[in-house]
C-alpha cells in the first residue's frame, strides 16, 4: 500500500464516508461512481453509523506480509445500524470470549506501519460495546 | 460455433521444484501434452498464470514460453484471472478454436510459488481480494473463507470434524495420483488437529503452496479422431462474476458466480447436475469445497457437509468429487490449477485415471474460482 493511496482513502478510513443512492436507497462503502442496483449515476455522500453487530469473524494467525507483529488479531464482518456491511479488525476483544451478534462500535486505531521510515496507517476498527458489568452487550 | 475436443493432456507433479524454473516447468508439461496428442502442429498458445510478476519477478510470459516451445512467431497470450487463471486460459482457447480462428491450440497454466516465503506468498495470494478495503484490514483469503465457515457451522449446526472428513477424502484420492503434491493418506485426528491459520480454518483445511504446470491440446472435434481414439469433447463452458467486495454480497453462504456459471454451462451442454459423473471443484479451503458441491447443484444448500459424511463424494460414491485429490492434496499452483482440473477430468473420461478411476465416467465437470467466488469458470466435458 502506497502513501498516495493512504492519503486518498482518508475520508473513508477516518470518517466512514460512504455514498447513498437516493433513487433506490442503497448505501455503498467504499464509495463508488454508480449504483449497481438501479444504474443511477447521481449518488450522494453519506456518513455511516458507527454502531452495529458482529455478523462473523476470524482470528488470523498466519498473516499477510506486514501484519506479523500483530498476530493473533481478529477481522470481522459488521452489519451497521443502517444495514450496510463493512469489513474491519475487531479490537479490544478477547478472541476466546468473542461471539457472533455482539454489539460493536467504531474506533480509530493504528492499522500497521510501513517499515521504519514509511507512514503509519490509521483507520477504523470496531470494538465490542461493554455493559456496566464489563461484559459484551447483546441486544438480540 | 464449432465443437471442440481435447486430444492431449500433460502435467508435471505438483511439488517443490527447486531445480526447475517457471520456464522449464511449463515447457515440460507442454511437451507431455504434445506427445500425448501425437505432436500436432500447434498454431497458438494460451497460458494461465496469476502472478509471475510477484512470485518470480517475471512478466511478459506469453512470448517467453512460446519461444521456449519453439513456436516462433505464432500468436501467444497470457490470461490472468486470479486463482482461476488456468480455467480462464482454457475459456479463451476454447473460443479461439470454436470460432474457427485456429485449429490446434496449446493451452496451459503455470505457477512457481516456492521461490518466496510463506508470508510473501500469503500476501501475494491476498492480492486477489480488494487491497483497499479487505487486505488493508489484515484479512487474508483464508480469513474470508474462515468467516464464511464460522457462519456455515452456526447456521447448519456443523462441527469442524465434517470439514476434516472432506480433507481426509482428498488425501485418500491423492494417494492414488502420481501428480499429487501430497500423495498420502492422513488420519481424521491429523486433519483436525493442525495449527490454526485463520480460525476456524486450520492448516489442514488449506490448499498448499506449490510449483506446477499442466497443459492441454485442443482442436475441432471433427479433426480429433485423426489423433486419438479416446476423444473428449468440451460441451459446455461459462464464466460468471459476483461482487468484488465480500461484504457487498446479499448471501454470505452461496457462491453466486458458481451457481450462474454452472447453470449456463449445463444449459450449453444440455445436461442437469444429476448427469455429471465426476467433478473437480475449487476446494482452496475445505469450506470452499463444501460450498462448491452445493452451489454446483449436486446437493441442496446446507447439505454439502452431509454428502461428505455419507460418502457420496468418494470415488465410488454417487457424485465423486476431486478424484485427483483436489486443490487440497493434488496441490494448488494457482494459475495451473484450472488446467490440472481439466486434465484430470479428461483422463477420467478416457478411462486413463489408473487407481483413482471413477467407474463408467462419461460426463465430467471442472470448477475453478478466483478470490472468494468473485468469479467462477465451469467447463463440462463429455466422452465421445
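Sort segment A:1-48 into rounded, prolate or oblate with this rule: let a ≥ b ≥ c be the square roots of the eigenvalues of the Cα gyration tensor; rounded if a/c is under 1.5, and if a/c is not under 1.5, prolate when a/b is larger than b/c, oblate otherwise.
prolate
Using label points projected 7 Å from each Cα along Cα→Cβ, tell me how many nm separate residue B:188 and residue B:120, to one decimal.
Rounded to a tenth, the inter-label distance reads 4.1 nm.
Quantify how strongly other chains surround peptide A:30-41 by giving the mean number of their Cβ atoms within 10 Å of each of its Cβ atoms.
1
Would you mind checking the tilt of helix B:334-350 against the longest principal axis of the Cα atoms of chain B, expressed as 0 to 90 degrees and rounded to 10?
The angle comes out at about 70 degrees.
What does DSSP give for chain B in terms of the percent of beta bridges that are antiparallel, rounded to the nearest 5?
75 percent
Return one number: the angle in degrees, 0 to 90 and rounded to the nearest 10, between the long axis of the Cα atoms of helix B:256-269 and the longest principal axis of the Cα atoms of chain B.
40 degrees
Dividing the Cα radius of gyration by the Kirkwood radius, what Rg/Rh value follows for segment B:45-194?
Dividing the radius of gyration by the Kirkwood radius yields 1.05.
What does the convex hull of the Cα atoms come to per residue for segment B:24-94, in Å³?
90 Å³
Starting from the Cα coordinates of chain B, work out the convex hull volume and express it per residue in Å³.
Hull volume over Cα atoms, normalised by residue count, gives 120 Å³.
Select from A:126, A:29, A:67 the residue whose mean-square fluctuation is largest in a Gaussian network model of chain A (Cα-Cα springs shorter than 10 Å).
Comparing A:126, A:29, A:67 in a Gaussian network model of chain A, the most mobile one is A:67.
Under a crude label model (7 Å from the Cα following the beta-carbon direction), how far is residue A:23 from residue B:156 in nanometres?
With each label placed 7 Å out from Cα toward Cβ, I get 3.8 nm.
With each pseudo-label sitting 7 Å past Cα toward Cβ, what's the residue B:251-residue B:31 distance in nm, one decimal?
Taking the simple label geometry, residue B:251 and residue B:31 are separated by 4.8 nm.
Hull surface divided by four, with the convex hull built on the Cα atoms of segment B:108-215: how many nm²?
Mean projected area of the Cα convex hull: 8.1 nm².
Order by neighbour count: B:73, B:24, B:375, A:25, fewest other Cβ atoms within 10 Å first, most last.
In increasing order of surrounding Cβ atoms, one gets B:73, A:25, B:24, B:375.
How many angstrom lie between the C-alpha centres of segment B:51-96 and segment A:89-115?
41 Å
Could you tell me how far the Cα centroid of segment B:257-318 sits from the Cα centroid of segment B:170-196, in Å?
Answer, in whole Å: 21.
What is the calculated FRET efficiency for residue A:81 to residue B:309, with r their C-beta to C-beta distance and R₀ = 30 Å, to the nearest 0.05?
0.15
Using the scaling law 2.2 N^0.38 Å as the reference, what is the normalised Cα Rg of the protein assembly as shown?
0.98
Would you mind ranking A:38, A:21, B:219 by Cβ crowding within 10 Å, fewest neighbours first?
By the 10 Å Cβ count, ascending: A:38, A:21, B:219.
Counting other beta carbons within 10 Å of each residue's own, what order do B:374, B:243 fall into, fewest first?
The most exposed by this proxy come first: B:243, B:374.
Express as a percent, rounded to the nearest 5, the fraction of DSSP beta bridges in the protein assembly as shown (both residues included) that run antiparallel.
85 percent
For segment A:71-140, what is the convex hull volume of its Cα atoms per residue in Å³?
It comes to 108 Å³ per residue, whole-number rounded.
Can you tell me the orientation of helix B:160-174 relative to chain B, as the angle in degrees between its alpha-carbon axis and the longest Cα principal axis, to the nearest 10?
The two axes meet at around 30 degrees.
Which number comes out as Rg/Rh for chain A once both Rg and the Kirkwood Rh are worked out on C-alpha atoms?
Result for chain A is an Rg/Rh of 1.00.
Every number in this text was worked out from the coordinates using simple rules, so none of it is lab data. These numbers were taken from a predicted model, which means no experiment stands behind them. Heads up, the Cβs are rebuilt from the backbone with ideal geometry, glycines too, and the neighbour counts pull from every protein chain shown.
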